[in-house]
1. Need one number: nm distance between label points at THR103 and ARG125, each 7 Å from Cα along Cα→Cβ, rounded to one decimal.
2. Between the alpha-carbon centers of region 31-75 and region 165-224, tell me the distance in whole angstrom.
3. Please report the relative contact order for the chain, taking Cα pairs under 8 Å with a sequence separation of at least 6, and give it as a percent rounded to a whole number.
4. Just how many pairs of Lys in region 1-224 have C-alpha atoms closer than 25 Å, counting pairs that are eight or more places apart or on different chains?
5. Roll a 1.4 Å probe over the protein chains and send me the accessible area per residue for region 111-225 in Å².
6. Take the solvent-accessible surface of the protein heavy atoms, probe 1.4 Å, and return the percent of it on the chain that carbon and sulfur atoms account for.
7. Relative contact order for region 81-194: what percent, with Cα pairs under 8 Å and sequence separation of 6 or more?
8. If you count only protein heavy atoms and use a 1.4 Å probe, how large is the accessible surface of GLU188, to the nearest 10 Å²?
Amino acid sequence: MHENEERILNSWNQNALSWTRVIRYNQIESRVLVTNKSILETLTGLNPTTFLDVGCGEGWLCRELFAKGIDGWGVDASCALIEAAREYGDSRFLVSLYSDLGTQKFGNIDRFSCFICNFSILGQRDLTDIADAGHRLLEPCGKIIVQTLHPSTACGDTETADGWRETSWQEIGNEPFHPAPWYYRTVESWIEEFCTRDYRLLNLREMYHPVTNKPISIIFVFERN
């Protein structure tokens, strides 16, 4: 594992309790106003029968989908976050590195309709590991749905080439957060990297703040060839 990937995992284990409180008490405005609804709308529009939430965190999205009658699992590399996800009594959460996804067992589900990666592709290797797992775990024509920061939000006035960045934990309640690196990709890189791994782009949506009209996130839907 690359040094920065190790830093990401260590940081999220340290941030798990703070992150859980922030999510459960709706302390991130962009998620409340824009991105939570956007990922749910995208998913339900695809009408999946099963899902794998890759990088599920404390499990909010899984619980929303379970409540809609959609079967699935949540996975995260952080043991602390998976412990938080299981607090509501559902056992469909698993600790796993992304590189190990293809060898995991998910109850009676052998193949998934879709993978969900909601702000969870953070390392340079993550995309490759998830794409490879998709060829093992996705149904034919299965989808990978990715929501990530909009490029203009992610980089601001800085250089927009692919590369490692440092997390800026600003305006997130009153919780302390341990910083971590993350790997930035341009829109072109997202598309090219999935396409070279035998996926095709089905849809791309840009999400905007309803009041300021500033770009918040971008959602890609890729289909396995």
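1. Roughly 1.3 nm, to one decimal.
2. 17
3. Values: 389 pairs, mean separation 50.7, N = 225.
The normalised contact order for the chain reaches 23 percent.
4. Values: LYS37/LYS68; LYS37/LYS143; LYS37/LYS214; LYS68/LYS105; LYS68/LYS143; LYS105/LYS143.
Step by step, the pairs that qualify in region 1-224 add up to 6.
5. On the way: 5500 Å² over 115 residues.
About 48 Å² of surface per residue is accessible.
6. Working: 5180 of 10830 Å².
About 48 percent, which is the carbon plus sulfur part of the accessible surface.
7. Working: 109 pairs, mean separation 27.0, N = 114.
Once normalised by length, the contact order is 24 percent.
8. Looks like 130 Å² after rounding.
The values are calculated or read from the model by the stated rules, or taken from the named source; none is laboratory data. Every value quoted in this text rests on a predicted model; they were computed, and no experiment measured them. For neighbour counting, all protein chains shown are included, and Cβ atoms are generated from backbone atoms with ideal geometry for every residue, glycine included. Side chains included, ligands, DNA and RNA excluded: accessible areas come from the protein's heavy atoms. Shrake-Rupley method; radii C 1.70, N 1.55, O 1.52, S 1.80 Å.
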